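Take a look at the structure below.
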Amino acid sequence: MNNNRRILLKGTLAAGAAGMAISAGLLTPKAVMAAWPKAAFEAKDVDSALKAALGSASASDSSKIKLKAPDIAENGAVVPITVTSSISGTESISILVPKNGMPMTANFNLGANTEGYISTRIKMGKTSDVVVVVKAGGKLFSTKKQVKVTIGGCGG
């Protein structure tokens, strides 16, 4: 019972110290968050988004990227996407929806020995291609699939 009290006191003191550091401006949420390509997510077209996130907009088609997405999405607010890259040395996987107001939907940077696989849900405003761009060995590879949206998810 005495041990539980010590754990509670330690936790309370740690939370209090963190709260004081945040309120004093020593620890800000922006400082502890991972870096992200802000310009890529604010870009209005696919080429600008790719240049901001990956440094180039020229990607060659690849059959080594498998994109699993529904042919028809009943609700554009929740469209399940699965991407598998069998390209060796996959560094990042980006998902773009050209007809969204801001096409860059997701950008995943992968570790050196990470499997080239992601599964997520994206928002789509209307029927569009879903474009996946994989960066591997400093080169860009892509594939795409059209998804028909019956109910808009981005305010539509």
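All of the numbers you see were taken from the coordinates with simple rules; none came from a lab. Since the structure is predicted, the reported quantities are computational estimates derived from the model, not experimental observations. Glycine gets a Cβ as well: all are built from the backbone with ideal geometry, and neighbour counts include every protein chain shown.
Just a few scattered comments:
- In straight-distance terms, cross-link reach from LYS64 covers every one of the lysines whose alpha-carbon lies under 22 Å from its own, apart from those fewer than eight places away in the same chain; here that gives LYS135, LYS139, LYS144, LYS145.
- Packing-based exposure ordering (other Cβ within 10 Å, fewest first) of ILE81, ILE118: ILE118, ILE81
- Between LYS148 and THR114, the C-beta separation translates, for a Förster distance of 35 Å, into a calculated FRET efficiency of about 0.65.
- Net charge over other residues, Cβ less than 14 angstrom from the Cβ of LYS51 (K, R count +1; D, E count -1): 0
- Test item: Cα-centred dipole of the range 65-132, Lys/Arg +1 and Asp/Glu -1 on Cβ, debye: 180
- Gaussian network model of the chain, Cα within-10 Å springs - most flexible of VAL133, VAL79, VAL97: VAL79
- Gain upon complete extension [ASP47, SER60; 0.36 nm per residue less C-alpha separation]: 3.3 nm
- Rounded to 5, percent antiparallel among DSSP beta bridges of the chain: 90
- Rg over Rh [alpha-carbon atoms, Kirkwood Rh] for the range 37-149: 0.94
- Computed [θ] at 222 nm, deg cm²/dmol, the chain (DSSP H ≥ 4; -39,500 (n - 2.57); rounded to nearest 500): -7500 deg cm²/dmol
- Contact order normalised by residue count of the chain, Cα under 8 Å, 6+ apart, percent: 24
- Sparse-neighbour loop sites [GluC sites (Glu not before Pro); the range 51-135; at most 12 other C-beta within 10 Å; DSSP]: GLU74, GLU115
- More than 14 Å apart - percent of Cα-Cα pairs taken over the range 44-93: 66
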